[in-house]
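The values are calculated or read from the model by the stated rules, or taken from the named source; none is laboratory data. Predicted model, so just to flag it, every value in this text is computed and none were measured. Note: ideal-geometry Cβ built from the backbone for every residue, glycine included; neighbour counts use all protein chains shown. Accessible surface areas use protein heavy atoms only, side chains included; no ligands, DNA or RNA. Shrake-Rupley method; radii C 1.70, N 1.55, O 1.52, S 1.80 Å.
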Amino acid sequence: MQHRWHSGQTTAPRAVLAAAALIVLTSGAAPEPAAAHGLEVGQPAPAFVAPELDGKLFDLGAERGKVVIVNFWASWCGPCRAEMPLLNRFYLEHRSQGLALIGLSVDDAHDRKEVERIMRQFAYPAALTIGARANGFGPPLAVPMTWIIDSRGVVRARLVSAVTEHALEEAVLPLLPRPATP
């Protein structure tokens, strides 16, 4: 079966798709970020590497063995700012069980001082996404947006809008090892 395109030419769609795929594969073009492809629960977490505000390098791949909360936020986002104390408390309560948390600010580079000022209130590290060396998440669909990654590096939950204590407990606690009983 052939289809008529706007140019008036008749072409088999499979041939067009095959040619387009070949052009993309041979052009050296980098793949689109995972977010553009619809990163889903159950898939391996994408690569993310960025310098933290304190200069240390955060590499999501190096966090294997830990459950990781990846929280996208912005200094101008009210719901983001409202959830940060809860995220901090949850992190402090569970980090000894192997929980890691990174706050990824989507602010512009010129807002770094404001991001640093905000983050001084919290124990968990943060980075600016604009400085990422690798960001397979791509830009978030909205902020706040939180991804939960299990200790094997698999996405286990995506929480859109401000997180609640119940949502964190439900998404994260089953992934953590049980605390040792005295």
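Odds and ends about this structure:
- Taking the criterion of being small (Gly, Ala, Ser) and outside any loop (DSSP other than H, G, I, E, B), the residues of region 58-88 that qualify are Gly61, Ala62, Gly78, Ala82.
- Residue in region 102-110 that is modelled with pLDDT of 95 or more, out of contact with any Leu (no Cβ under 9 Å at 6 or more places or on another chain), open to solvent by 50 Å² or more (accessible area, probe 1.4 Å) and assigned to a loop (DSSP other than H, G, I, E, B) present: no
- Residue identified as charged (D, E, K, R) and under 15 Å from Val67 (Cβ atoms) among Arg112, Arg120, Arg178, Arg133: Arg178
- Taken together, the residues in region 111-123 that are of a type outside the set (A, V, I, L, M) and either surrounded by 20 or more Cβ atoms within 10 Å (Cβ to Cβ) or in a helix (DSSP H, G or I) (or both) amount to 6.
- Residue in region 118-127 that is touching a Gly at 6+ places or on another chain (Cβ under 6 Å), closer than 15 Å to Pro144 by Cα and modelled with pLDDT of 95 or more present: yes
- Test for Phe90: is it among the aromatic types (Phe, Trp, Tyr), in contact (Cβ under 8 Å) with a residue 40 or more places away in the chain and out of contact with any His (no Cβ under 6 Å at 6 or more places or on another chain): yes
- Residues that are open to solvent by 40 Å² or more (accessible area, probe 1.4 Å) and under 14 Å from Ser105 (Cα atoms) within region 126-141 comprise Ile130, Asn135, Pro139, Leu141, listed in sequence order.
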